[in-house]
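In what follows, a structure is listed as structure tokens, so that the remarks can point back to it.
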Amino acid sequence: MTTNDLWRPLSERASATAPALRTSVSGALETQLRQWTHRAISRYDTDLDRIVLRCDLRDSRRCRQHEFVEGVDPPADWNPELDHLAYCTPRALLPDVIDAWLHLTAPAAPVRTLPALPNQPATGMDIFMSALGGFGALQPRYLLRDELQQLLDDGRSAYTLRADQAGLRQRVDPTVEALAKAAVTSADQDPARGSAGDHLKRAWTAAYALHPEPGKAYGEAIKAVEAAAHATVEPNNSKATLGTMIKVMENTRDRWVVGIGSEPSSAAAETVARMMRLLWTGQTSRHGGSHRTREETTTEARAAVHLAVALLNFFTDGILAKQPPAS
């Protein structure tokens, strides 16, 4: 679902711009998420203490028990710890609680969750019933995840479920994300590109995590381009870096061409080299020195990751090519 596909009130539909995503939890979404959290954790309350520990929520001790009418006993199934977590957790920390639950109840392949059948041969019916039991145990978790995704969509939240269903991440337009996935796939299918795909995946994850890690995202973006470009630019230099590869390309400008337009162009290749230099010099925290360094911002890191996606395509798809030296 793209941001343009998210439902919005009739009064806003005349606008051609995409609806603004909500980076904070709105009041209406808060109510729904608290109820969802209570339902989800009540099914798997063995995870309650681990979620509290992971999110460091023991400092606040105001519970809903004070809402019960004086002299009236609470329900028999009332769990004060669960009530406290679902309804007294600060609004800003609700995504962390949900992220922790998603991680603790992450789906596993059914074959790995089937119960063993000791001391007896497994018949076809045994295997079927075992698989059915494993699926039955997992089904509520899938339904809860579907419900959560619907809440996030309806609330136009900036958060969405990760592809592996094991946590939350920042929402990204699917078209943009598809370009990144295509770059990873191309890199993974070409042994000459080394670990470029792995680095790009780590960069993307760090840039769009629930709590982004800009420094890690930027560093992994650089490593992705280094891995993708190495075999093309400096195959005989085992210590090549993005910086040394940029110098090679700038010192041999006439030998590099990009297949855009009616004729391959060395001028277009210079644009690729400038993109690489922009990525290289933009990482302010790369080296220490006499001047104080600063961490990259999330915006800078995401720009670097998208720049890396484009550069990987130049190298993995053979768009950038090196001509033989003039005889």
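In this simple spin-label model, placing a label point 7 Å from the Cα along the Cα-to-Cβ direction at both residue 31 and residue 91 gives a separation of 1.2 nm.
So if we plug the beta-carbon distance of residue 142 and residue 192 into 1/(1 + (r/R0)^6) with R0 = 30 Å, what FRET efficiency do we get, rounded to 0.05? Kindly include the intermediate steps, with their values, before the conclusion.
Details: r = 40 Å, r/R0 = 1.32.
Once rounded, the FRET efficiency stands at 0.15.
Of all lysines in the structure, those lying under 16 Å Cα to Cα from residue 181, and not within fewer than 8 positions of it along the same chain, are 201. For trypsin sites (Lys or Arg not before Pro), the sites in the stretch 212-266 that DSSP calls loop and that have at most 10 other Cβ atoms within 10 Å are 239. Between residue 21 and residue 322, the contour length at 0.36 nm per residue exceeds the alpha carbon distance by 104.0 nm.
Quick note: the coordinates plus some simple rules give every number you see, no bench work behind them. Please read these numbers as outputs of a predicted model, since none were measured by experiment. In this analysis, Cβ positions are derived from the backbone assuming ideal geometry, glycine residues included, and neighbour counts consider all displayed protein chains.
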